[in-house]
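Throughout, read-outs are computed from the coordinates displayed, never taken from laboratory work. This structure is a prediction, so every number in the text was calculated from the model and none was measured. All Cβ positions, even for glycine, are placed from backbone atoms using ideal geometry, and neighbour counts span all protein chains on display.
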Amino acid sequence: MDRSRLVLGTVQLGMKYGLNNTTGQPTKDESFAILDAALEAGINTFDTAWAYGSAEDVLGEWIKKRSLADNIFIVSKIKPHVLNDYPEENDPSNIVRSEIGKSLKRLNLRSLDGYLLHSPQYLNNKGVLEGLMKVREAGLANHIGVSIYDVADALAALEHGLDFVQVPYNVLDRRLEKTDFFAKTKERGVRVFARSPFLQGLLLMEMGDIPARLAHARPLVLKFGEIARRHELTRVEAALLFAYRCPADHIVFGVETLAQLEEIISIKDRLESFGEKCVAELRDAFTDVDRAIVNPSLWSTIQK
């Protein structure tokens, strides 16, 4: 069984998340309906994390109820700043082992397909990296890796013997294309998960709904919508279509409603066969977007 190229991110199932989220966190029944529909549509790979509120618990209950432990791929992430929670522990590798045990229990799994650092801050911590390698050796995770936000961290991640790297990529954020990152990952057998095809919903927002702190992004979102309409595509179609052309192995996306998922499923099987002219125009239209716009962690610093 192979992992699906499209990966369902589960942060919205565990907390209210996303700039364009108007419905909040779905109920457990709604979450189960979303997960069921994804699996039925051939999406068998799911991304989660300790930091995603109750997402691991929801996913774990679904896995147990549907008896899916051996039929899906789960990638999770260690708690950010986790070392701060263990001031008396001198061996970070023990902390990693303890934390993956907690995630496995919540997820009702014996092992994960991938276990990642949630941020690159621990890439240079020898003990943490040894901990990741030990859980891989013990079979608690088949693969280990890191989730990053910036180019330098993505390139640095390739020097640490990791299997998975999760990176941002969308029509506005193509910073990694200006480096040899994708070529190196192919050479080294590193699997790339490209997340945020909708840029936390920013690409799908109406101009009047974009907050003042992101006023600089409004002309870009407007232009993106105009190009999509010119090619008779919805913005969801154009954004997902563009991300699907990324050289990454997997595209991680999230939804907070079943209707949103059904819209994506309705175009899933056409992603490789349509929209070439739209993709080409989008590539030409957005070549050097301000980092403060494409990195959500910096959005609070943008002034109107």
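Tabulated data for the structure shown
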{"quantity": "Over the chain: helical MRE at 222 nm, DSSP H runs n ≥ 4 each giving -39500 (n - 2.57), nearest 500", "calculated": "-11500 deg cm²/dmol"}
{"quantity": "Dipole of the chain, positive end: most advanced residue of Leu39, Val289, His250 [Cβ charges, Cα centre]", "calculated": "Val289"}
{"quantity": "Calculated Rg and Dmax of the range 159-289 using C-alpha coordinates, Å", "calculated": "15.2, 45"}
{"quantity": "Given charges at beta-carbon only (K, R positive; D, E negative), |dipole| of the range 59-138 in Debye", "calculated": "380 debye"}
{"quantity": "Of every Cα-Cα pair in the chain, the percent that sits beyond 33 Å", "calculated": "22 percent"}
{"quantity": "Approximate spin-label separation Gln121-Ser266, in nm, with each point projected 7 Å along Cα-to-Cβ", "calculated": "4.2 nm"}
{"quantity": "Among Leu203, Ile265, Leu107 - extreme Cα towards positive end, dipole of the chain, charges at beta-carbon", "calculated": "Leu203"}
{"quantity": "Amide H contacts under 5 Å for Phe73, placed H, 5+ residues apart", "calculated": "Thr45, Phe46"}
{"quantity": "Theoretical gain in end-to-end length, Asn84 to Lys102 [0.36 nm per residue, Cα-Cα removed]", "calculated": "4.8 nm"}
{"quantity": "Helix 28-40 axis, angle to the chain major axis (alpha carbon atoms, nearest 10°)", "calculated": "80 degrees"}
{"quantity": "Length released on extending from His216 to Ala280, taking residue separation times 0.36 nm less the Cα-Cα span", "calculated": "20.7 nm"}
{"quantity": "Gain in span if fully extended, Ala138 to Asn94, counting 0.36 nm per residue against the direct Cα distance", "calculated": "14.6 nm"}
{"quantity": "With Cα atoms, 0 to 90° folded angle of helix 235-244 axis to the chain main axis", "calculated": "50 degrees"}
{"quantity": "Dipole of the range 125-170 [Lys/Arg +1, Asp/Glu -1 at C-beta], most positive-end residue of Ala152, Ala138, Leu162", "calculated": "Ala138"}
{"quantity": "Assigned charges on the beta-carbon of Lys, Arg, Asp, Glu; the chain dipole about Cα centre (debye)", "calculated": "200 debye"}
{"quantity": "Cα-based helix-to-principal-axis angle, 276-285 vs the chain, degrees rounded to 10", "calculated": "90 degrees"}
